[in-house]
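For reference, the structure is listed below as structure tokens.
The values are calculated or read from the model by the stated rules, or taken from the named source; none is laboratory data. Keep in mind it's a predicted model, so treat the numbers as computed, not measured. Cβ placement follows ideal geometry from the backbone for every residue including glycine, while neighbour counts extend to all protein chains displayed. What goes into the accessible areas is simple: the full protein's heavy atoms, side chains included, and nothing from ligands, DNA or RNA. Shrake-Rupley method; radii C 1.70, N 1.55, O 1.52, S 1.80 Å.
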There are 2 protein chains.
Amino acid sequence: MRCIWLQEQESSLRDVDAPRPAEGEALVRVRLAGICATDLELCRGYYPYQGILGHEFVGEIVEAAQAPERVGQRVVGEINAGCGRCSRCAAGLARHCAERSVLGIVGGDGAFAELLTLPLQNLLGVPDEVADEAAVFTEPLAAALEIQQQLPIDPAGRALVVGAGRLGQLVAATLALTGLEVCAVVRRQRQRALLEGYGVTPLGEQDVETASFGLVVEASGAAAGLALARRALWPRGTLVLKSTYAGETAIDLSGFVVDEITIVGSRCGPFAPALRLLAAERIDPRPLIDDRLPLDAGLDGLRRAAEPGALKVLLDPRASTDAGQRAR
Amino acid sequence: MRCIWLQEQESSLRDVDAPRPAEGEALVRVRLAGICATDLELCRGYYPYQGILGHEFVGEIVEAAQAPERVGQRVVGEINAGCGRCSRCAAGLARHCAERSVLGIVGGDGAFAELLTLPLQNLLGVPDEVADEAAVFTEPLAAALEIQQQLPIDPAGRALVVGAGRLGQLVAATLALTGLEVCAVVRRQRQRALLEGYGVTPLGEQDVETASFGLVVEASGAAAGLALARRALWPRGTLVLKSTYAGETAIDLSGFVVDEITIVGSRCGPFAPALRLLAAERIDPRPLIDDRLPLDAGLDGLRRAAEPGALKVLLDPRASTDAGQRAR
């Protein structure tokens, strides 16, 4: 099957053997996959991953020996697969299992392919009313909702999101659903219009007042964004970090101590509420789609997604196969 | 009056004019003062402070125009004095007032002197049963209790304190009072014995298991201590930073995101519960006293407090005056 393969920070279009589901796993045909900043960071060497890239997808189950009744079901998939035996899994922290695989990120081939495998328990059925183009956002939408799962949100407060890109838009939109007054730092006209559609107030960088927000989410993945986020925080405020990237960052920790700032690292989140929000149309992520390309054009897709200001680029393996056949 | 004066990172013994209390302030005769790591960091240039050093003290009110009935009262003092007019002060965040003075640290002469001034509302009476040698620990004990004020403590959990020095001992001792199982990293036999006296389990650095504590307090102020604290944290654990020091620290922020660690900066704390714990003898800090010197020997005291493994060094301005007179 066709896939986008990463090896030694070099991505390439490859033909590989189709995966075989292990016991308890399903074989899933990918209908659409989304490119995320983490994919781009993996290409830059954030983590020494080798294998098929991609972790945002919607697909359909084509084989499931332990649950044949689920064949044909349209699904999205929790990307972390814990060992199920360790104390972390037992404590409900499977996403933090030390032996976990993470689809397309750690020790498990990903979604930029025609087929993938995941444990059946990781696969959630997609309600009929949620189109593929919305369902493919379930994973990043769940990651946005992780903030609400980690923190008590004071809806009478004010939040700032730094970075109005792929993830920042969803973070701002979901925070606004809590009743919070949410602002987001924008650099581009298109980001501004999208935020307004989500009920979020766009702010230019120069309009962010020092020490004026109790909750700031850093979703830019840039040192300048982190500095702006820090500056915007009210004493005793909370800074949520949503970005993962390679390398170390130099920080004045004493400043965080003096101002008694809380920093919260925040990664993957809960899928079920993300699907509920999509089904109820509380969030429509489709305006974030920049482009939709066949999987065969996945390398172009990665380049496109890495352009400044780019939002979501989707890869379609079914279109890809046709295009691939046409090309041959 | 005699004092220890800091200017351009150089501390010296000086004679200066006695301070005059402003309206709403009291004049306090210092009975005992304690040397803290922050004093040593100020001498190293952590913050460009110029003036009389020192912020831990017990004293007695000798002049208070607005509260003459308090003259003679033995007191300890909240070191942060807010402006009382801004939105932070109004929000109960006077300790974070942007215009605050902080005794012996920011814009307000400190306690390594015969006399100091503070707003009357900052001065708390010391119960008779609390000796000067215990009362002088009120400020660092309050700083330790700030952790409990900031975080929900799960007493069924396990906490690790990294750095069993002046502040780390009080942090570990107060955490142990919550019912938590508390361990602390020790390098010296004396730290070990003190911790055991406070019901805390001493651990050698090599005995700290990776990812084994839900709550870790970094009180060593050293990069190696921070790395050890990070390593000891269970996923989704909380890292409390208690140290302030000069310079930036390089951190792998993505690791904190992936493990969803919460970092909490923690500074000054509530005085009233600290005094209650001292009065009820729930904590006896006096075993932490390494040395007690006349204020005239304060520069020796600063050197003594900076020695590896040193705990609390106290300065006595009353002994100091006598010794100074004897020397003249």
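Structure values in brief
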{"item": "Residue with peak Gaussian network fluctuation, chain A [Cα springs, cutoff 10 Å], from A:GLY301, A:GLY157, A:GLY34", "result": "A:GLY157"}
{"item": "Sequence ranges A:37-47, B:35-45, ranked by mean other-Cβ count within 10 angstrom, highest first", "result": "B:35-45, A:37-47"}
{"item": "Gaussian network model of chain B, springs between alpha carbon atoms under 10 Å - residue of B:GLU209, B:GLU25, B:GLU56 with greatest fluctuation", "result": "B:GLU209"}
{"item": "Chain A - percent of accessible surface contributed by carbon and sulfur, probe 1.4 Å", "result": "47 percent"}
{"item": "For the range B:234-328, fraction of C-alpha pairs farther apart than 17 Å, in %", "result": "73 percent"}
{"item": "MRE, 222 nm, helices only [DSSP H, n ≥ 4, -39500 (n - 2.57), over chain B, to nearest 500]", "result": "-7500 deg cm²/dmol"}
{"item": "Cα Rg, Dmax, chain A, angstrom units", "result": "19.7, 64"}
{"item": "Peptide A:263-272, shielding by other chains (average Cβ, 10 Å cutoff)", "result": "5"}
{"item": "Computed P(r) (all Cα pairs; the range A:176-255; 5 Å bins; percent)", "result": "3, 14, 24, 26, 20, 9, 5, 1"}
{"item": "Set of aspartates and glutamates near B:LYS242 by C-alpha distance (under 12 Å), chain-local residues within fewer than 8 positions excluded", "result": "A:ASP259, A:GLU260, B:GLU146, B:GLU218"}
{"item": "Nearest-to-axis residue of chain A, judged by beta-carbon position, where the axis maps A onto B, in Å", "result": "A:ILE263, 2"}
{"item": "Amide H partners (placed H, <5 Å) of A:VAL240, local residues excluded", "result": "A:VAL216, A:VAL217, A:GLU218, A:VAL264"}
{"item": "For B:GLY247, inter-copy label distances in nm, listed shortest first [label point 7 Å out on the Cα-Cβ vector]", "result": "2.1"}
{"item": "Other-copy label distances relative to B:ASP15, 7 angstrom Cα-Cβ extension, nm", "result": "9.6"}
{"item": "Whole-number D in µm²/s for the range A:70-135 (Stokes-Einstein; Kirkwood sum over Cα pairs; 10 °C, 1.306 mPa s)", "result": "122 µm²/s"}
{"item": "Burial of 10 Å² or greater, the range B:200-244 residues [accessible area, probe 1.4 Å, versus chain by itself]", "result": "B:ALA211, B:TRP234, B:PRO235, B:ARG236, B:LEU241, B:SER243, B:THR244"}
{"item": "With 10 Å bins from 0: P(r) over the protein assembly as shown, alpha-carbon pairs, percent", "result": "3, 15, 22, 21, 15, 11, 7, 4, 1, 0, 0"}
{"item": "Accessible area in square angstrom per residue, the protein assembly as shown, 1.4 angstrom probe", "result": "40 Å²"}
{"item": "Simple Cβ-charge dipole of the range A:58-126, Lys/Arg +1 and Asp/Glu -1, about Cα centre, in debye nearest 20", "result": "340 debye"}
{"item": "Whole-percent pair-distance distribution, where bins are 5 Å wide, for the alpha carbons of the range B:163-314", "result": "2, 8, 16, 20, 20, 16, 10, 5, 2, 1, 0"}
{"item": "Radius of gyration and Dmax over the Cα atoms of the range B:220-280, both given in Å", "result": "14.8, 45"}
{"item": "Within a Gaussian network of chain B (alpha carbon springs, distance under 10 Å), most fluctuating of B:LEU167, B:LEU116, B:LEU253", "result": "B:LEU253"}
{"item": "Label spacing, shortest first and in nm, from B:ASP300 to its equivalents in the remaining copies (7 angstrom along Cα→Cβ)", "result": "8.2"}
